[in-house]
Amino acid sequence: MLWLMYFVFFLYGSVRGPLNFVFLAMFLIHYLHRGIIHPLTMRYSSATVSLGITLGGFFPNCIYHFINADFISNAIFDVDYFYDPRFILGSLLFIVGYITNRWADLKLRGLRNVQGTAGYYIPYGGMFEVVSCPNYLGELVQWVGWTLVTWSLAGLVWTMFCAATFIPRSYHNHRWYKQQFELYPLNRKALIPFIF
Ligand SMILES: NC(=O)c1ccc[n+]([C@@H]2O[C@H](COP(=O)([O-])OP(=O)(O)OC[C@H]3O[C@@H](n4cnc5c(N)ncnc54)[C@H](OP(=O)(O)O)[C@@H]3O)[C@@H](O)[C@H]2O)c1
């Protein structure tokens, strides 16, 4: 996905303003972490992922990454856009979502603090006090920020795809926690604090 983004931006796109590079950097920062650092640092219980899940994610991701790379490498933004409320608020949401996502992933990693342990535990602290899946919530907020900052249909479609992934996943994770742990906090929601 990183290479797809990179190639479309540099070989297919035609606009090279400062904002185009800022958008590229935002996307790449996320996927450098997701594609390289995240798999190296997490303590997965299984070293393999089923082919169905891999292919089910690969093809839609190619399409959504292509349209986002196409947009950010061809959109013309004035430098004044750096002071636009959409840019400021969108960037803030992107950063807050990014930090929440990273923090929650690290917290989950820390639950398996005994080398080789592959069990499941109740996470506590921070956003885990209000939702079962703050890693998904953080990433969703990040892409909402992306949609706002790029003010694009490409961003909106990508965010909707992510929401369509995170809503059912968080619902199932949350239900699993409640079935698995008798003492699971009752006031915790799945994805959206106090709502869902
Ligand atoms: N943009 C997208 O479309 C998209 C889609 C999916 C995921 N993501 C992102 O990818 C990252 C990882 O997602 P994921 O679905 O793999 O997350 P996940 O199911 O929450 O699992 C992350 C890791 O934590 C472990 N874990 C989860 N709950 C645990 C618990 N209660 N006790 C101990 N260990 C626990 C998992 O163990 P196991 O190895 O045993 O499962 C796995 O190693 C997230 O940041 C998410 O936002 C993005």
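Sort through R34, R43 and tell me the only one that's part of a helix (DSSP H, G or I), of a type in the set (K, R) and either within 23 Å of E139 (Cα to Cα) or in contact with a Pro (Cβ under 8 Å, 6 or more places away or on another chain) (or both). Step through it out loud before you land on a result.
Values: R43 fails: part of a helix (DSSP H, G or I).
After applying the criteria, what remains is R34.
Assess whether I99 counts as being among the aliphatic types (A, V, I, L, M) and either within 18 Å of the chain's Cα centre (by Cα) or within 13 Å of the ligand (Cβ to nearest atom) (or both).
Details: among the aliphatic types (A, V, I, L, M): yes; either within 18 Å of the chain's Cα centre (by Cα) or within 13 Å of the ligand (Cβ to nearest atom) (or both): yes.
Yes.
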Please specify each residue of the stretch 46-61 satisfying the condition of being loosely packed, with under 10 Cβ neighbours inside 10 Å and part of a loop (DSSP other than H, G, I, E, B). S46, A47, T48, S50
I'd like the full set of residues that are outside any helix (DSSP H, G or I), within 11 Å of the ligand (Cβ to nearest atom) and surrounded by fewer than 14 Cβ atoms within 10 Å (Cβ to Cβ), limited to the stretch 122-164. Y124
In the stretch 1-35, what count of residues is obtained for those that are over 20 Å from the mean Cα position of the chain (by Cα) and surrounded by 15 or more Cβ atoms within 10 Å (Cβ to Cβ)? 5
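Looking at the stretch 104-113, can you tell me whether even one residue there is part of a loop (DSSP other than H, G, I, E, B) and of a type in the set (K, R)?
Filtering the stretch 104-113 down to residues part of a loop (DSSP other than H, G, I, E, B) leaves 112-113.
Filter once more, so that each one left must be of a type in the set (K, R): 112.
Yes: one or more hits.
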Could you tell me whether Y171 is within 10 Å of the ligand (Cβ to nearest atom) and within 25 Å of A47 (Cα to Cα)? no
Given the criterion more than 12 Å from the ligand (Cβ to nearest atom) and without any contact (Cβ under 8 Å) to a residue 60 or more places away in the chain, identify the matching residue among L11, L4, L19. L11
Which pairs do you get when a residue that is more than 13 Å from F161 (Cα to Cα), found in the stretch 129-143, comes within reach of a residue that is of a type in the set (S, T, Y) and part of a helix (DSSP H, G or I), reach meaning Cβ atoms under 6 angstrom, with the pair 6+ apart or on two chains? S132/Y177; C133/S170; P134/T100; G138/T100; Q142/Y98
Here the qualifying pairs (Cβ atoms under 6 Å; residues six or more apart or on different chains; first in the stretch 102-121 and more than 6 Å from the ligand (Cβ to nearest atom); second part of a helix (DSSP H, G or I)) come out as A104/P134; A104/N135; A104/G138
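Just the residues that are surrounded by 12 or more Cβ atoms within 10 Å (Cβ to Cβ) and touching a residue at least 12 places away in the same chain (Cβ under 8 Å), please, taken from the stretch 63-76. Don't jump to the end; show me each part of the working.
Within the stretch 63-76, the subset surrounded by 12 or more Cβ atoms within 10 Å (Cβ to Cβ) is 63-75.
The answer is Y64, H65, F66, I67, N68, A69, D70, F71, I72, S73, N74, A75.
Bear in mind that the values in this text are calculations on the coordinates, not laboratory data. The shown structure was predicted, so the numbers you read here are calculated from the model rather than taken from an experiment. All Cβ positions, even for glycine, are placed from backbone atoms using ideal geometry, and neighbour counts span all protein chains on display.
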